[in-house]
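Student: Structure below; questions to follow.
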Amino acid sequence: MSEWAYLFKTGVALFAIVNPFGCLPIFISATDGWSPQDRARTANTVAFTVFLVLIVSALLGDHILAFFSISIPSFQVGGGILLMLIAITMMHGRQSHTRQTPEEAEEVAERNVIAIVPLSIPLLAGPGAISSMIIASQQSTGVWTHFGLVIPVAAVCLVIWLVLRLSSRIAQRLGTIGINVITRLMGLILAAMAVEFIAHGISGLFPGLATSAAAL
């Protein structure tokens, strides 16, 4: 697989996980009654925060795993299972509790600072997105590809910024049905990515299985 194809694939998976369209109702509800200027500033803060979190995960993820003595295949399997859980909830049209529990949502609702929590973390840059970037950094084949992960992250964050800035117009055009259709489609793509992550992890944990499968 070429480097550009790998970056494109990573961007598609990341977009499916982040799913900015699925967060539109939450953003609109959280900023209800705000001025257009306040909504614009919130959109800027959210996009920048998500970019920062995902870039740190991509560039320093291997050091984080080394600190906790976690092998790459183990993280691939664990991250793949987490992505699969998120994909299942997306295909059922529900907000995943791996992003935010009801208790966390109730506590955060009482605060005024929502741009970072919960809009950026954990709704957009949640465990699934962070896991995906760490796995992507480990699967990168060269230095350029490793630092090239900035490209899909920046592209996804640009989409987040545009979606949030145009949130009112997009919600009116898509409606509830349109947002649900996009969420389910992204969930299906994410499920396929999760299966691939798990397969790579299992082959790393049990190389004998991969050898036996190749022999068959």
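Student: Rounded to the nearest 0.05, what FRET efficiency is calculated for ARG173 and ALA40 with R0 set to 25 Å and r the Cβ-Cβ distance?
Tutor: Numbers: r = 19 Å, r/R0 = 0.77.
The computed FRET efficiency comes out at 0.85.
Student: Quick one: if you stick a label point 7 Å off each Cα along the C-beta vector at TRP144 and LEU162, how many nm between them?
Tutor: In this crude spin-label approximation the distance works out to 2.6 nm.
Student: Also, I was wondering about something else. Using a cut-off of 14 Å between beta-carbons, work out the net charge of the residues near THR145 (Lys and Arg +1, Asp and Glu -1, THR145 not included).
Tutor: Values: positive: LYS9; negative: GLU3, ASP62.
Counting the neighbours of THR145, the net charge comes to -1.
Every number in this text was worked out from the coordinates using simple rules, so none of it is lab data. In this text, all values refer to a predicted model and were calculated from it rather than measured experimentally. A quick note on method: Cβ atoms are made from the backbone with ideal geometry, for glycine too, and the neighbour counts reach across all protein chains shown.
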